[in-house]
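Note sheet for the following structure.
The numbers here are math on the coordinates, done by the rules we state, and not lab data. Every value quoted in this text rests on a predicted model; they were computed, and no experiment measured them. Cβ: placed from backbone, ideal geometry, glycine included. Neighbour counts: every protein chain shown.
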Amino acid sequence: MRRNSRIPWVVAALAVGISLAACSRRPAPVPVAPVSPSVPETGTVLDISGRDQQVVLTAPGDVLTVPLIGAADGRMQWSFRAPIRGGFLTMKAHTVTTDDARLKPGEQVSEWTFKIEQAATFPLRFEYHNPTSKLAPVKVFSVLVVADRAEAQLADVLADVEKLSATGGTAVISGFARAAVEQVRYVLQDDAGTTVASGVISIPEADAGFRRFEKTVWFALPRTPNGTLLLTPSAEDLAAEPQPLTVPAVFRTDLMTVQVYFGSEKFDPEATCTRVFPVARYLPKSAGAGKAALGALLAGPTAAERNQRYFTSLPANVKLKTLEISNGIARADFTPSLELGVGGSCRVTAIRAQLTETLKQFPTVSEVIISIDGRTEDILQP
């Protein structure tokens, strides 16, 4: 790895495909935004490294510095991820060094310097990851850069994506809400006007500025490949009928239907503990349908399903470790969270019923064995 190296800016035609990774060891190829060096610098330099998950107000000609600290062992690195198009930024410099007063032993700092080229609103995103691995990044640094409006001119809700990508039956709804906003109502529709997901996201209290929100939601099968996300702020201090923010959406259509089983106060008012009821989930087609179905089950009922009085007896934060199916027997091993705080024979019975029925929907499964960290005998005791 080169230390104290500086990467000069090159013209846009040569920049595309050059990685902005912090380490030269097998860097991930990341396209660079086109360059428009006509905007003069204002003299304002902003260090935004302490503004993760925030809105950054700036202006064309301002300079942003982003120093990000990571391990110096060469296995992990910070990489630039967005924006990759639009001509919003010019990268003035990128350095990687272990010689910096901000560092502890064994650390290095990757520092980017950008000039704002356009009056626009866009996300600026970096990922800390292993460039040789396909796993998700360990950390993400992300801000929403606003270079075209003063804070007073901003809407009460801002999106941090240009287009919502709804894949795998789930959509990550995220953005920023002004401090006065108490809730954000979301409605996800396809182009046929069918609502495939809706609900409310509560916003933490704050005195000023904007706060980021994020929620992963399940959506019903859309009738069209494209749609729209509507985000509407709600609070006593806001206008009586605030206008919703509209975000284009694209749906993944190569989905399979699986059933997950929940309890229901409506269909089982006597709470028999053994009765569970199916609801549909639409997931990417794959050979691992059993694992996908259990993952959807562990995520719990949607807001709409809870309103219909469905519920889950499974504890929060349970993870599936392994699932093996052979000779008609499904062996599902879970993390210890499966029995955390679980007591009473009714709840234990309901947990087993949810897991068993979700797996028995598949014709290759006739029996289900549940384990926790490999243990089967002393788990899920009443």
> In nm, to one decimal, how far is the F311 label point from the T195 one, both placed 7 Å along Cα→Cβ?
Replying inline: 2.4
>> To test your reading of the geometry: what angle, between 0 and 90 degrees and rounded to tens, separates the Cα axis of helix 289-299 from the longest principal axis of the chain?
In response: 80
> So, by mean Cβ neighbours within 10 angstrom, what's the order for 144-152, 254-262 with the highest one leading?
Replying inline: 254-262, 144-152
> By how many nm would the segment from K321 to A93 lengthen if fully extended, with 0.36 nm per residue of separation less the alpha-carbon distance?
Replying inline: 77.7 nm
>> Relative contact order of the chain, please, whole-number percent, based on alpha carbon pairs below 8 angstrom and at least 6 residues apart.
In response: 11
>> I need the peptides 96-106, 54-64 ranked by packing, meaning the mean over residues of other C-beta atoms within 10 angstrom, with the highest value on top.
In response: 54-64, 96-106
> In the neighborhood of T257, defined by Cβ-to-Cβ distances under 11 Å, what is the net charge if each Lys or Arg adds +1 and each Asp or Glu adds -1?
Replying inline: +2
>> To make sure I understand the rule: partners must be lysines, Cα under 22 Å from the Cα of K139, and not fewer than 8 residues away in the same chain. Which ones qualify?
In response: K104, K215, K319
> Under 19 Å Cα-Cα from K285, which aspartates and glutamates qualify once same-chain neighbours fewer than 8 residues away are excluded?
Replying inline: D254, E324
>> For the ranges 317-325, 195-203, what's the packing order if you count other beta-carbon atoms within 10 Å of each residue, average per peptide, and put the highest first?
In response: 195-203, 317-325
>> Just to be sure I understand the curve: with the Debye formula and one point per C-alpha of the chain, what is log10 I(q)/I(0) at q = 0.09, 0.10, 0.15 Å⁻¹?
In response: -0.69, -0.83, -1.30
> If you stretched the chain out fully between S345 and S371, how much longer would it get, using 0.36 nm times the residue separation minus the C-alpha to C-alpha distance?
Replying inline: 7.6 nm
>> Let's test the formula: R0 of 45 Å, r as the Cβ-Cβ distance of T65 and V187. What FRET efficiency results, to the nearest 0.05?
In response: 0.70
> Based on the Cβ-Cβ distance from K134 to E205, what FRET efficiency comes out when R0 is 56 Å, to the nearest 0.05?
Replying inline: 0.90
>> Can you say what percent of the DSSP beta bridges in the chain, counting only those with both residues inside, are antiparallel? Round to 5.
In response: 85
> So how tilted is helix 345-360 from the main axis of the chain? Cα-based, degrees 0 to 90, rounded to 10.
Replying inline: 80
> Cα-Cα pairs above 18 Å in region 229-382: how many percent?
Replying inline: 64
